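None of the figures in this text is laboratory data; all of them are computed from the coordinates on show. Being a predicted model, the structure only gives us computed values, none of them experimental. For neighbour counting, all protein chains shown are included, and Cβ atoms are generated from backbone atoms with ideal geometry for every residue, glycine included.
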Ligand code: MG
């Protein structure tokens, strides 16, 4: 069943959302050639704990790290490693925290130094798909409307849309009902109601949508070895529209200013 959150729950969802957003942006600022994903993981772990939060991923079905660090053809659930990132790489950083009993989940794909135009476009379109998916998360729409909004944009570029992993409801647990696929048909699946909280997370591949999992049993890669990008926000459905919870204070102010003009 899908849990609608109370006003009090939403206050806590806002708090944890802003917390993980601040960590995400701090990590983005650290990404440069020479830094390792293990460095990023350790920084994230410290920032979350210093803020009084628990890194939700650690121990989740046995996952050993605070972030999922997925480089180039890795899609999701990548392990952190001591190897330095190289100019031209892209890295998806996915993180979640538990704070006051609620979870915030967010991801972004960050260029390492200068990247190719092909990769710049992949990241840009993934971010656009996320935004379109979020805008479809409205009272009385359906889950299929979110998937459709993402799919129709991604397909304009011929990208493979990962089907093996989806967005999800979120709240006291990281993964709640419903599943939110990044493809779908308008007007299908569960009806969206006020108070629902979702993590929407398109994963787009330059090539095939097919995935495989490495022998570490976690790291998911593209079957053809071509690059993949990932972006995720946690949001609350309000009567006024979707409210993105995983924005920093500064990002919230900027969005408010942009929508006022
Ligand atoms: Mg997620």
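For this structure, a couple of remarks:
- Neighbour-count order for 40, 30, fewest beta carbons within 10 angstrom listed first: 30, 40
- Cα centroids of region 32-61 and region 75-123: 12 Å apart.
- Region 1-149: relative contact order in percent, alpha carbon pairs under 8 Å with at least 6 residues between: 23
- Calculated over region 7-260: convex hull of Cα atoms, volume per residue (Å³): 120
- The helix-only estimate of mean residue ellipticity at 222 nm for the chain, built from DSSP H runs of length n ≥ 4 each weighted as -39500 (n - 2.57), is -10500 deg cm²/dmol after division by the residue total.
- Taking 73, 233, 153, 61 and counting other C-beta atoms within 10 Å, the order from fewest to most: 61, 73, 153, 233
- When 45, 164 are sorted by how many other C-beta atoms sit within 10 angstrom of their C-beta, beginning with the fewest, the order is 164, 45.
- Diffusion coefficient, µm² s⁻¹, Stokes-Einstein with Kirkwood Rh over alpha-carbon pairs of region 111-169 at 10 °C and 1.306 mPa s: 126
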